[in-house]
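See structure below.
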Amino acid sequence: MAFVKPFICVRPNEQNAPRVAALPYDVYNRQEAKQEILREPMSFLKVDRPETNFPDEVDTYDPLVYSKAKELLYKMQEEGILLLEEQECYYVYELIMEGRAQTGLVACASIDDYLNNVIKKHENTREDKELDRIHHVDLCDMHTGPIFLAYRAHAVISEAVATTKEEAPLYQFVSADGISHNVWKLDQTDRIQAVRNAFAEIDSIYIADGHHRAASAVKVALERRQRTPGFTGAEEFNFFLSVLFPHDQLMIMSYNRTVKDLRGLSKEEFLAKLTESFAVDYLGAVPYTPAKKATFGMYLEDGWYCLTAKEQIKTSQDPVAALDVSILQDYLLRPILGIEDPRVDKRIDFIGGIRGLKELERRVAMDMAVAFSMYPTSIEELFAVSDADKLMPPKSTWFEPKLRSGLFLHKLS
């Protein structure tokens, strides 16, 4: 059963929230992050990416960098840009992109639920990325970016969220990328208890995005348990900041692929090999977005194709093998193009669906030989893989819109 609790939040004052709110730290490279902070000096990105405060020759993981994050964070509190709430509560966070809304509950999830697999994962994590956030969280003594969690919708939670949304919002603004952000405080005692009890009836919660942040939060907590004789489990470091969304409100976008070369094959030889596993239809200049599972768009030289997996390769009952990203990898990228491990192969690149099919055409014109548009992985497929204790292939899901950092912070002590 899931333990999802309210918390005492550190958050921006209402006036500055639109300026503080920042996209997640990992959507930028160092130079992009620097440019964003120049555009908006109050952006929380300066705390999440503190290396932007130093010359490029200073290593991203230098201890001075993490010290700078702490300095900037506490300076924002001293200046009144960030304030500390007086009581524990939940928050309701609605994001609207192109007219489509999704509403989540901001709360703290339990590291014990993570360790006991109540909170389920579908990705491996990299040690270097974990260590970065471990140092950042531990030194700042605060969770600065929420983990994106999903759960199967529950009527009681949905009702509490809907009722809260009828009240006056705490924040209401549109970010520079056109996303509307609306936040309400859920602080009524009876409503808080109803939500808490409802989550206790839910068997599984799923990490949709933020595996590295979750793993880092858990490792910080385990280390603090060792440093805290007689810890009770109720200390704040035993919980990590999350936004939890019901499954029926989430949209997963495609995560498209591009490959640098045809592995020495001519165009004709490549197309001939494809027909062993796929029906191949030439579409000309019309960009193709797959409309159903087991179909793929392919852009090659100056034309689009529709690839349809043949029946013999899409009958797997294994939840990982049945994914479209697995079909493409197992029957095209690996056997034909020689992409053995897409996590490390420099010949493949991944393009988030938010960037559209024109980006695939642009990359083929610029530095790639072929590109593939994908049918999005569904939230039900994500749940099925996680429930089977399996892992998805890399770059299987792209969630939009992105949660903002800096709107909700969770103190560890």
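The values are calculated or read from the model by the stated rules, or taken from the named source; none is laboratory data. Everything numeric in this text was worked out from a predicted model, so none of it was measured. No Cβ is skipped: glycine too gets one built from the backbone with ideal geometry, and neighbour counts run over all protein chains shown.
Matching residues to (1) among the polar types (S, T, N, Q); (2) at pLDDT 95 or above; (3) in contact with a Ser or Thr (Cβ under 6 Å, 6 or more places away or on another chain):
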{"site": "K314", "(1), (2), (3)": "no, no, no"}
{"site": "D330", "(1), (2), (3)": "no, yes, no"}
{"site": "K346", "(1), (2), (3)": "no, no, no"}
{"site": "M374", "(1), (2), (3)": "no, yes, yes"}
{"site": "F383", "(1), (2), (3)": "no, yes, no"}
{"site": "P394", "(1), (2), (3)": "no, no, no"}
{"site": "L407", "(1), (2), (3)": "no, yes, no"}
{"site": "K411", "(1), (2), (3)": "no, yes, no"}
ask   = Taking region 232-250, which residues are part of a loop (DSSP other than H, G, I, E, B) and farther than 20 Å from A215 by Cα?
value = T232, L250
key: Top-ranked residue of region 49-68 - restricted to ones that are assigned to a loop (DSSP other than H, G, I, E, B) and of a type in the set (D, E), ranked as nearest to H410 (Cα to Cα)   = D62
Qualifying position, being under 22 Å from the mean Cα position of the chain (by Cα) and touching a residue at least 24 places away in the same chain (Cβ under 8 Å), among V156, V183 = V183
inquiry  = Show me the strands (runs of 3 or more DSSP E) found entirely inside region 302-413 where at least 3 residues are surrounded by fewer than 18 Cβ atoms within 10 Å (Cβ to Cβ).
reply    = 348-352
ask   = Going by the conditions given, is A217 in the same structural domain as H154 (by TED's automatic domain parsing) and under 25 Å from the mean Cα position of the chain (by Cα)?
value = yes
query = Which members of region 312-334 meet the condition of being closer than 25 Å to K267 by Cβ and touching a residue at least 40 places away in the same chain (Cβ under 8 Å)?
reply = D324, V325, L328, Q329, Y331, L332, L333
request  = Take F383 and decide whether it is hydrophobic (A, V, I, L, M, F, W, C), under 20 Å from the mean Cα position of the chain (by Cα) and assigned by TED's automatic domain parsing to the domain that holds W304.
outcome  = no
remark   = R196 fails exactly one of (1) on the phi > 0 side of the Ramachandran plot; (2) buried (at least 16 other Cβ atoms within 10 Å of the Cβ), namely (1)
task = Would you be able to tell me the number of residues in region 119-155 that are outside any helix (DSSP H, G or I) and farther than 16 Å from L382 by Cβ?
result = 9
ask   = Any idea how many residues of region 194-209 are among the hydrophobic types (A, V, I, L, M, F, W, C) and farther than 16 Å from H247 by Cα?
value = 3
key: Residue match in region 43-58 (condition: out of contact with any Ser or Thr (no Cβ under 7 Å at 6 or more places or on another chain), touching a residue at least 60 places away in the same chain (Cβ under 8 Å), over 30 Å from L115 (Cα atoms) and among the β-branched types (V, I, T))   = no
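Listed here are the residues, each with its yes/no results for (1) among the β-branched types (V, I, T); (2) assigned to a loop (DSSP other than H, G, I, E, B); (3) at pLDDT below 95.
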residue: R11; (1), (2), (3): no, no, no
residue: Q15; (1), (2), (3): no, yes, no
residue: P18; (1), (2), (3): no, no, no
residue: D26; (1), (2), (3): no, no, yes
residue: M42; (1), (2), (3): no, yes, no
residue: V47; (1), (2), (3): yes, no, no
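Rundown of residues vs (1) within 30 Å of R152 (Cβ to Cβ); (2) buried (at least 20 other Cβ atoms within 10 Å of the Cβ), yes/no style:
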site	(1), (2)
K5	yes, no
V10	no, yes
R19	no, no
V27	yes, no
L45	no, yes
N53	no, no
D62	no, no
Y74	no, no
E79	no, no
request  = Out of the residues in region 98-124 that are over 25 Å from L222 (Cα atoms) and crowded, with 23+ Cβ neighbours inside 10 Å, state the one that is nearest to the chain's Cα centre (by Cα).
outcome  = G104
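To keep it simple, each residue is scored yes or no on (1) buried (at least 16 other Cβ atoms within 10 Å of the Cβ); (2) touching a Phe, Trp or Tyr at 6+ places or on another chain (Cβ under 7 Å); (3) in the same structural domain as T189 (by TED's automatic domain parsing).
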{"position": "E36", "(1), (2), (3)": "yes, yes, yes"}
{"position": "D59", "(1), (2), (3)": "no, no, yes"}
{"position": "V92", "(1), (2), (3)": "yes, yes, yes"}
{"position": "I96", "(1), (2), (3)": "yes, no, yes"}
Boolean, E123 is on the phi > 0 side of the Ramachandran plot and either in contact with a Leu (Cβ under 6 Å, 6 or more places away or on another chain) or assigned by TED's automatic domain parsing to the domain that holds K70 (or both) = no
